[in-house]
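Peer 1: The following block contains the structure, expressed as structure tokens.
FYI, it's all coordinate maths here, none of it is from the lab. Values in this document were obtained by computation on a predicted structure and should not be read as measured data. Positions of Cβ are backbone-derived with ideal geometry, glycine not excepted, and every protein chain shown enters the neighbour counts.
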């Protein structure tokens, strides 16, 4: 008796709420609801910088199809399973809800859903997927309004095009093609029953993941069709004997899946768009991505060999336009299908020696030169904790006196440590941050404000491939750091511009002369040093390798005059070494991948050298002192590049420069002082001849 009273009480509450909701929706929600539902027909699509389609912003397949192009079997199967009184209720089914409440309250009763197809449509299109009490009543209210706005056939069309049918398939047309290789209009009885059965729990009733469970569910749908007299008993008995009939499963990932994930996060977290807006508004999103580069990046990732270990190393690749910061290609792993984690933006890893160029750039800004001579020798560095640190080179050998150029070319550890020691940790750290290394840990017991993290790249948190690539724009973009960008403009489904994006102006962080000198030093790394495997046929390239302790991370960051690319290789467990019986993976492997990729994507570009800025001087250098000298003073001299205001001039060089810069006949001084007198035509030649007879100490 008490149970009947409870049932009557709940039913009364339900009827009252439905009445209130109907009145409320009638007064206020009609226009907004219609707009949202109409937008369900559109999918936000992403395009590359040339207008080529990359894919849907959300990683699902969706093909809208009209009601008349959906198999009658499928419509009947869905109604029989999900909402048997669909054509008789007004959006909410009091009988179905009463039955569900009764089953839930009675002892031993099972929980049943009372949602109609119209309520499910409201939940899919207008509400969150949470199962709160308030959300349940909201979908009732919306369902009432949907029924007032659309016909039953229109509601069914909206619903069948919006349901999740597993494996990224949204709507019956995409699912029909995916599971059966045919259109939704040609589905037969048992195929329709299988799709209708998936609706209740897409993951559990997937015919690929759980074929036996899916078959049982299909047969239950067939039974409901028979019980509701949509089919005969003979049809039922024939259909339940059939196999599932799905085509062989082959998960195919569209090009740019990592990019689509990145853009979705970027638009929601940084640009203020809601997930609902992006999902249903049918935006056309134009990006800086180059689809040709993206395809090549994904292809090159799959060429990384498989090794003998149980855990295979992963990889990431980023390509930027160094002048604008535009992201041209992005991959976050070997294959999105097997590993969708986007390591290019979410994996923080120690950069190793790929961090050294920032130390060298700081040194050049502080009056060191490419010809400066330091001694590669054993070091003993006292630490704040009282211990002593003795850094070693990779080959455990010391070369003695070497130039900065040679030290970077051969990635000598002790020289990097000495530079940090001489310049100062705070100055180095500050300059790294200015140049784009944003993730330095500066506080806590373990931090980066010590020698090993800064000099050798053993950072506490590490950097992402995108962060490190962006920081290298400081070199590739003439001393200007450029923030990465991926968006050009967003149009609505009618073609009206919703929002336009302009790349941020580059921020000067080092002088153009320092950037050029660093480029020439890193060009030497590629041509004669640790990055030799990144060489491009007849095309200049500059870059730096990076390998962390015990081969846990391998990097190559490099650029041509047009493009900047980073390749990272490593295991997802950072402590896992990449030592395999087939060989060791280090910066050289990353450089080889970089070279293969860059050779293909630059093949259509004209070959040009790195542009030399004003204020650059090439001078002969005495290899013993590192000072500039006239070429004739020492036959073993070599050419080196300097900023014109930072040439380490020997006495002989100063005098030679003074004589060789003597004003020619007819030439006037640039200063505002009175004009100087003209000199005879042979004055300069006579001056040089006299100078060359002198013997100077230098």
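Peer 1: Work out, step by step, the length gained on full extension between residue 392 and residue 237: first 0.36 nm times the residue separation, then minus their alpha carbon distance; give nm to one decimal.
Peer 2: Stretched out fully, the residue 392 to residue 237 stretch lengthens by 48.0 nm.
Peer 1: Same structure, new question: Rounded to the nearest Å, what's the spacing between the alpha carbon centres of the stretch 308-357 and the stretch 254-297? Just the number, please.
Peer 2: A separation of 18 Å, based on Cα centres.
Peer 1: I need the shape label for the stretch 312-355. Rule: rounded when a/c is under 1.5, else prolate if a/b > b/c, else oblate, with a, b, c from the alpha carbon gyration tensor.
Peer 2: Working: a/c = 2.59, a/b = 1.28, b/c = 2.03.
Cα axes put the stretch 312-355 in the oblate bin.
Peer 1: Can you give me the C-alpha center-to-center distance between the stretch 554-604 and the stretch 232-246, rounded to a whole angstrom?
Peer 2: 54 Å
Peer 1: Let me ask another. Mind ordering 639-650, 462-473 by average Cβ neighbours within 10 Å, highest first?
Peer 2: On the way: 639-650: 17.8, 462-473: 25.6.
Result, highest mean Cβ count within 10 Å first: 462-473, 639-650.
Peer 1: How big is the gap, in Å, between the Cα center of the stretch 378-402 and the Cα center of the stretch 514-544?
Peer 2: That distance is 27 Å.
Peer 1: Of the peptides 343-356, 481-494, how do they stack up when ordered by the mean number of other Cβ atoms within 10 Å, highest first? Each step should come with its number before you reach the end.
Peer 2: Numbers: 343-356: 24.1, 481-494: 18.2.
Highest to lowest by the protection proxy: 343-356, 481-494.
Peer 1: Multiply the residue gap between residue 271 and residue 636 by 0.36 nm, knock off their C-alpha separation, and tell me the result in nm, one decimal place. Write down the numbers at each step before the final one.
Peer 2: Values: separation 365, 0.36 × 365 = 131.40 nm, distance 5.88 nm.
Using 0.36 nm per residue and subtracting the Cα-Cα distance, I get 125.5 nm.
Peer 1: On full extension of the chain, what length is gained from residue 603 through residue 366, given 0.36 nm per residue of separation minus the C-alpha to C-alpha distance? Show your work: numbers first, answer last.
Peer 2: Details: separation 237, 0.36 × 237 = 85.32 nm, distance 3.83 nm.
Working it through step by step, the gained length comes to 81.5 nm.
Peer 1: Something else now. Starting from the Cα of residue 339, step 7 Å along the direction of its Cβ; do the same at residue 306; then give the gap between the two resulting points in nm.
Peer 2: In this crude label model, residue 339 to residue 306 measures out at 1.3 nm.
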